[in-house]
Amino acid sequence: MSVISWRELPGEEYAEGKDGVREYRRKFLAETDTGFDSADTVKNYYECPQRWELHPSGLNARVISRRATQQTKGGRFWDVEVFYTNDFHSEVENPLERPPIIEWSSVEYAIAVPTDLDGKPFVSTSGEPLAEVMVESPGLVANISVNVPEKPTWFRRYLNSVNNGAVTFDDESFQKGELRMKSLSVSGFVFDQGVWYRQLKMQLQSREDGWQKRIINRGYYEVYEKKVKEKNGKTKKKYEYKQIKIDGTPAVEPQLLDADGKYLDLLKDGVLDPEQLQKVVVLDFKVRHDRDYSILPLK
């Protein structure tokens with residue numbers, strides 16, 4: 001006993017009152033494999049919108065009720081109606097079933113970058129690296145309020161953490177490491193509609209460059225390979241450090257280094273060398289714990 005076909009019918013209905021409350025109605029036609037299926041079979045079908053599910057057009061409206069009506073007694077076709085409203089908070093009797101309230105804002109962060117948008121490194125005309133260049137990068141801030149039965153067990157562990165996998169909520173998607181838990185708070189207990197609950201507030205910040213520490217690979221010393229002859233007559237490689245010199249003079253600014261720790265001279269015959277540009281390295285350091293954000297009450 002199951003639904004074997006499902007399609008949405010044209011002609012979605014919409015109404016808006018003077019108080020700004022919007023209401024929507026979508027209609028579907030379902031067919032079951034027998035004439036003995038119940039309305040629950042239809043409403044539990046995976047394509048049927050569930051209670052508190054967002055409207056697919058992102059209208060900040062959620063499902064508050066559904067109705068499935070069998071066209072004829074013992075028939076296999078059902079008319080399904082799904083009702084949405086943006087005034088869903090007043091419709092939910094149990095405070096713990098209310099969806100989170102999410103507010104968005106934008107912010108700018110300064111991040112270190114080795115090159116401009118055209119791939120040109122920040123160096124002087126002599127090829128000397130300029131001081132670490134910080135560029136403003138836009139990001140999003142999500143302030144989230146949601147009711148919970150008690151203070152979450154993960155509350156303390158998630159402070160200043162980053163997401164360990166892709167996350168999507170409120171029609172925004174973020175890649176691994178792009179979100180950071182900036183702050184967390186939880187209220188005292190509140191009694192409403194016969195239910196005790198607490199209000200959890202979270203602030204998540206996004207940054208496309210991620211939240212782990214990134215530093216351009218520069219220094220005053222480079223690594224060089226030295227061959228040392230051992231007592232047994234065999235030659236062994238030994239790595240040592242030597243001070244970087246520019247035209248015979250010790251560098252007064254940290255110089256770019258490649259992935260092997262060797263001095264990276266960007267100039268060839270007085271012109272920037274494209275091959276050398278490709279060797280500019282940005283080092284990544286893990287300074288924040290990553291956590292599973294899929295357990296957060298974001299939907």
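The values are calculated or read from the model by the stated rules, or taken from the named source; none is laboratory data. The model shown is predicted, which means the values in this text are computed figures rather than measured ones. FYI the Cβ positions are ideal-geometry reconstructions off the backbone, even for glycines, and counts take in every protein chain you see.
Among the residues in region 239-252, are any within 30 Å of Leu179 (Cα to Cα), in contact with a strand residue (DSSP E or B) (Cβ under 6 Å, 6 or more places away or on another chain) and basic (Lys, Arg)? I'd like the intermediate steps shown before the answer.
Keep residues of region 239-252 that are within 30 Å of Leu179 (Cα to Cα), which gives none.
No, region 239-252 contains no residue that is within 30 Å of Leu179 (Cα to Cα), in contact with a strand residue (DSSP E or B) (Cβ under 6 Å, 6 or more places away or on another chain) and basic (Lys, Arg).
State whether the residues of region 83-94 include one that is part of a strand (DSSP E or B), over 28 Å from the mean Cα position of the chain (by Cα) and at pLDDT 85 or above.
Step one: list which residues in region 83-94 are part of a strand (DSSP E or B), which gives 83-85.
This time we only want the ones that are over 28 Å from the mean Cα position of the chain (by Cα), so: 83.
This time we only want the ones that are at pLDDT 85 or above, so: 83.
Yes.
Suppose the filter is of a type in the set (A, V, I, L, M, F, W, C), surrounded by 15 or more Cβ atoms within 10 Å (Cβ to Cβ) and closer than 30 Å to Tyr263 by Cα; does Ile215 pass it? Break it down stepwise before answering.
On the way: of a type in the set (A, V, I, L, M, F, W, C): yes; surrounded by 15 or more Cβ atoms within 10 Å (Cβ to Cβ): no; closer than 30 Å to Tyr263 by Cα: yes.
Judged against the criteria, Ile215 is not a match.
For the structure I just gave you, tell me whether Val162 is in contact (Cβ under 8 Å) with a residue 24 or more places away in the chain, more than 30 Å from Ile215 (Cβ to Cβ) and not assigned by TED's automatic domain parsing to the domain that holds Pro56.
On the way: in contact (Cβ under 8 Å) with a residue 24 or more places away in the chain: yes; more than 30 Å from Ile215 (Cβ to Cβ): no; not assigned by TED's automatic domain parsing to the domain that holds Pro56: yes.
Taking the combined requirement at face value, the residue does not satisfy it.
Conditions first: (1) surrounded by fewer than 18 Cβ atoms within 10 Å (Cβ to Cβ); (2) modelled with pLDDT under 90. Val63 passes all but one, so which condition is the exception?
(1)
Restricting the search to region 276-299, which residues are more than 30 Å from Thr153 (Cβ to Cβ) and either surrounded by 16 or more Cβ atoms within 10 Å (Cβ to Cβ) or not hydrophobic (A, V, I, L, M, F, W, C) (or both)? Walk me through it before giving the result.
Initially, region 276-299 is screened for residues more than 30 Å from Thr153 (Cβ to Cβ), giving 276-284.
Answer for region 276-299, where residues must be more than 30 Å from Thr153 (Cβ to Cβ) and either surrounded by 16 or more Cβ atoms within 10 Å (Cβ to Cβ) or not hydrophobic (A, V, I, L, M, F, W, C) (or both): Gln276, Leu277, Gln278, Lys279, Val280, Val281, Asp284.
Quick check, is Asp171 loosely packed, with under 13 Cβ neighbours inside 10 Å and out of contact with any Lys or Arg (no Cβ under 6 Å at 6 or more places or on another chain)? Walk me through how you get there before you give the answer.
Values: loosely packed, with under 13 Cβ neighbours inside 10 Å: yes; out of contact with any Lys or Arg (no Cβ under 6 Å at 6 or more places or on another chain): yes.
So Asp171 fits the description; yes.
Residue-wise test of (1) under 22 Å from the mean Cα position of the chain (by Cα); (2) outside the structural domain of Ile144 (by TED's automatic domain parsing); (3) of a type in the set (A, V, I, L, M, F, W, C); (4) surrounded by 15 or more Cβ atoms within 10 Å (Cβ to Cβ).
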{"site": "Gly248", "(1), (2), (3), (4)": "no, yes, no, no"}
{"site": "Ala251", "(1), (2), (3), (4)": "no, yes, yes, yes"}
{"site": "Pro254", "(1), (2), (3), (4)": "no, yes, no, yes"}
{"site": "Leu257", "(1), (2), (3), (4)": "no, yes, yes, yes"}
{"site": "Asp260", "(1), (2), (3), (4)": "no, yes, no, no"}
{"site": "Tyr263", "(1), (2), (3), (4)": "no, yes, no, yes"}
{"site": "Leu266", "(1), (2), (3), (4)": "no, yes, yes, yes"}
{"site": "Asp269", "(1), (2), (3), (4)": "no, yes, no, no"}
{"site": "Pro274", "(1), (2), (3), (4)": "no, yes, no, no"}
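Please work out if Asp171 is touching a Gly at 6+ places or on another chain (Cβ under 7 Å) and either within 25 Å of Arg98 (Cβ to Cβ) or aromatic (Phe, Trp, Tyr) (or both). Walk me through how you get there before you give the answer.
Numbers: touching a Gly at 6+ places or on another chain (Cβ under 7 Å): yes; either within 25 Å of Arg98 (Cβ to Cβ) or aromatic (Phe, Trp, Tyr) (or both): yes.
So Asp171 fits the description; yes.
Which of the residues spanning region 193-209 are assigned to a loop (DSSP other than H, G, I, E, B) and either closer than 14 Å to Pro297 by Cα or without any contact (Cβ under 8 Å) to a residue 60 or more places away in the chain (or both)? Talk me through it step by step, then tell me what you get.
Of region 193-209, the ones assigned to a loop (DSSP other than H, G, I, E, B) are 193-194, 207-209.
Once the filter is applied, which keeps residues that are assigned to a loop (DSSP other than H, G, I, E, B) and either closer than 14 Å to Pro297 by Cα or without any contact (Cβ under 8 Å) to a residue 60 or more places away in the chain (or both), region 193-209 yields only Gly194.
Look at region 178-229 and say how many of its residues are among the aromatic types (Phe, Trp, Tyr) and under 20 Å from the mean Cα position of the chain (by Cα).
Narrowing region 178-229 to residues among the aromatic types (Phe, Trp, Tyr): 189, 191, 196-197, 211, 220-221, 224.
Keeping just the survivors that are under 20 Å from the mean Cα position of the chain (by Cα) gives 211.
Final tally of qualifying residues: 1.
This table checks each residue for (1) of a type outside the set (A, V, I, L, M, F, W, C); (2) exposed (fewer than 14 other Cβ atoms within 10 Å of the Cβ); (3) not in a strand (DSSP E or B).
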position: Val135; (1), (2), (3): no, no, no
position: Val146; (1), (2), (3): no, no, no
position: Glu150; (1), (2), (3): yes, yes, yes
position: Arg156; (1), (2), (3): yes, yes, yes
position: Lys176; (1), (2), (3): yes, no, yes
position: Arg180; (1), (2), (3): yes, no, no
position: Leu184; (1), (2), (3): no, no, no
position: Phe191; (1), (2), (3): no, yes, no
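May I ask you to say which residue of Lys27, Lys18 is part of a loop (DSSP other than H, G, I, E, B), farther than 20 Å from Asp170 by Cβ and among the charged types (D, E, K, R)? I'd like the intermediate steps shown before the answer.
Details: Lys27 fails: part of a loop (DSSP other than H, G, I, E, B).
Criteria check complete, one pass: Lys18.
Is it fair to say Val228 is out of contact with any Phe, Trp or Tyr (no Cβ under 9 Å at 6 or more places or on another chain), more than 23 Å from Ile102 (Cβ to Cβ) and aliphatic (A, V, I, L, M)? Working first, answer last.
Values: out of contact with any Phe, Trp or Tyr (no Cβ under 9 Å at 6 or more places or on another chain): yes; more than 23 Å from Ile102 (Cβ to Cβ): yes; aliphatic (A, V, I, L, M): yes.
Taking the combined requirement at face value, the residue satisfies it.
Right, Val162: surrounded by 14 or more Cβ atoms within 10 Å (Cβ to Cβ), touching a Leu at 6+ places or on another chain (Cβ under 7 Å) and modelled with pLDDT of 80 or more or not? If you could, list the steps in order and put the result at the bottom.
Working: surrounded by 14 or more Cβ atoms within 10 Å (Cβ to Cβ): yes; touching a Leu at 6+ places or on another chain (Cβ under 7 Å): yes; modelled with pLDDT of 80 or more: yes.
Judged against the criteria, Val162 is a match.
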